Amino acid sequence: MRFLHVLLILTFFFTLIFSCDFLGKEQVTTEEKVAQTYCSSCHLYTPPHLLDKASWQKVLPIMKKKIELTGQIVPKEDWNTIYHYYYSNAPFSLTLPSLDTQTMNKIKMNLIDSLSFKSIPPFIISMVEDEKHDLVIGTLQGDIYSGSFTKKDTHSTSTDLLPIQVKIRNDSSLIVLNMGELGPHHEAKGSIVEVSNQIIDTLIENLHRPIHFTLSDLDKDQNEEYIISQFGSTNDDKETGGLWLYEKENFEPVQISPFTGATKSIVTDLDKDGLDDIVALFSQGDEKIVFYKNEGELNFSQNVLLRFHPLYGCLDFIIEDINKDGKDDILLVNGDNADYSPIFKPYHGFRVFQQQDHLIFEEQIFHHINGAAKILTLNFEENNLYGIFSLYPDLYTRPWETMSFIGINPNFDDKRYYTTELTGNNWVISNVDQKGRLIFGKNLKIQKNIPSLRSEDPLKNFSAVRFEVHFNQ
């Protein structure tokens, strides 16, 4: 009798345990389904572990507001379910990959050119150099500075533009992409202008926060088209921006994509059919890389190649055939931290997606780099070396993170390198010249309590510098 009593108690006990466990799993599954239903309506589902608890407390109310701006109503019960799911399953802090210079080889960068402006640009937002080594710098205040590493002469032009991108023509005139206004807004204040002898002529206007353009003759009519990435805005109850094409002859607009967050486009024959296509990066909410196949006569069909969650912070990409197999690969940096969760994230960095089958891409390489913002290609014999510039480096524990290098051979074997020639977050990178030399501009910022790898800063008096990179494989 006592045995039966004990057996009944044990049976009840184990039944209770397994029932609670089952109910717990069912509850978590239900919460996750509710979260996916709402989150996936705007962008790729974002799991709780991608942010810490404190960040989700800030982000979730903002996301609720954005959902409701689309016309959806979030019932209180659903909202409480979502909030509980994220807060309960998020970590207290994110764990970053450990990394130190003991595991990397050092790259030497020699300073070979420098240039100082009489009035140092207070905040550089664009920088470009042409084949004649003429340098143009655009600033947040609207000033456009011109100079030459070879002639050492400088001059400036004051404008009411926000020169986010500049191209130098053969006749030394400038094509300037005017962002209009930096912060989120829906007004079409952007434009493309021509600047020649301090005379400004507007070519294209009524653009929504444009941040990148490229020129290409896609329809082979001997007239180049402007392909303009308009970042736009998702504020309030509407979305603006998108990827637009303007025919150079009459500047008539053609909408390629209405997606907000258009960041950069590359013109290349990705599918190898003899026609140049457009590959575009979008970095607002629904982050993705999209292939726009050229169907002829400026008509395009769309195919999403890669899609990322909204915390990725994609900033730049390039297309290269790394292993020379006739299929282009995609290299991406994602490190934008100017959002609602400005913490270092373990998934920010440099990625390589190898093209497997036709237009099917798989990630082959990842290196964690805080604030990874721009990719530059430096070719050394059979190996490619990629310079990764960081906009938000971890200056306290990784003061060398401003500029990283990744070497990749045709077998996709990769190796990371570092340099101590640049420290701080007051640099902006321009480009790499034909000889594989890197050009940087320096913003006028005061950095306090930032560790330095040198006792003195030999670059403190220069506005722009050029480095030669020495790469020993």
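The values are calculated or read from the model by the stated rules, or taken from the named source; none is laboratory data. This is a predicted model, so every value here is computed, not measured. Here the Cβ is made from the backbone with ideal geometry for all residues, glycine too, and neighbour counts use every protein chain on show. The accessibility values were calculated without ligands, DNA or RNA, using every heavy atom of the protein model including side chains. Shrake-Rupley method; radii C 1.70, N 1.55, O 1.52, S 1.80 Å.
Worth a mention:
- Look at segment 296-309: where a residue is among the β-branched types (Val, Ile, Thr) and a partner is surrounded by 14 or more Cβ atoms within 10 Å (Cβ to Cβ), sitting 6+ places away or on another chain with Cβ atoms under 7 Å, you get Val304/Lys288; Val304/Val290.
Listed here are the residues, each with its yes/no results for (1) open to solvent by 20 Å² or more (accessible area, probe 1.4 Å); (2) under 18 Å from the mean Cα position of the chain (by Cα); (3) without any contact (Cβ under 8 Å) to a residue 60 or more places away in the chain.
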| site | (1), (2), (3) |
| --- | --- |
| Ile228 | no, yes, yes |
| Ser233 | no, yes, yes |
| Lys238 | yes, no, yes |
| Leu243 | no, yes, yes |
| Lys248 | yes, no, yes |
| Glu252 | yes, no, yes |
| Ser257 | no, no, yes |
| Ser265 | no, yes, yes |
| Asp273 | yes, no, yes |
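- Residue in segment 335-343 that is closer than 23 Å to Gly387 by Cβ, touching a Phe, Trp or Tyr at 6+ places or on another chain (Cβ under 7 Å) and buried (at least 21 other Cβ atoms within 10 Å of the Cβ) present: yes
- Close pairs (9 angstrom Cβ cut-off, 6 or more residues apart or separate chains): at positive phi and of a type in the set (Ser, Thr, Tyr) in segment 396-423, surrounded by fewer than 17 Cβ atoms within 10 Å (Cβ to Cβ) and part of a loop (DSSP other than H, G, I, E, B) anywhere: none
- Residue-level analysis places Ile388 outside the set of residues that are among the hydrophobic types (A, V, I, L, M, F, W, C), part of a strand (DSSP E or B) and modelled with pLDDT under 85.
- Among the numbered conditions (1) under 20 Å from the mean Cα position of the chain (by Cα); (2) at pLDDT 95 or above; (3) within 14 Å of Ile227 (Cα to Cα), the only one that Asp316 does not meet is (3).
- Evaluation of Ile322 against the conditions (1) within 26 Å of Phe291 (Cα to Cα); (2) out of contact with any helix residue (DSSP H, G or I) (no Cβ under 7 Å at 6 or more places or on another chain); (3) open to solvent by 10 Å² or more (accessible area, probe 1.4 Å); (4) not in a strand (DSSP E or B) shows that the sole unmet condition is (3).
- Residue count, segment 235-246 (criterion: touching a strand residue (DSSP E or B) at 6+ places or on another chain (Cβ under 8 Å) and either part of a loop (DSSP other than H, G, I, E, B) or of a type in the set (Phe, Trp, Tyr) (or both)): 3
- Residue tally, condition among the β-branched types (Val, Ile, Thr), open to solvent by less than 30 Å² (accessible area, probe 1.4 Å) and more than 23 Å from the chain's Cα centre (by Cα), over segment 151-174: 2
- Test: Asp219 is of a type in the set (D, E, K, R), outside any strand (DSSP E or B) and under 30 Å from Gly274 (Cβ atoms): yes
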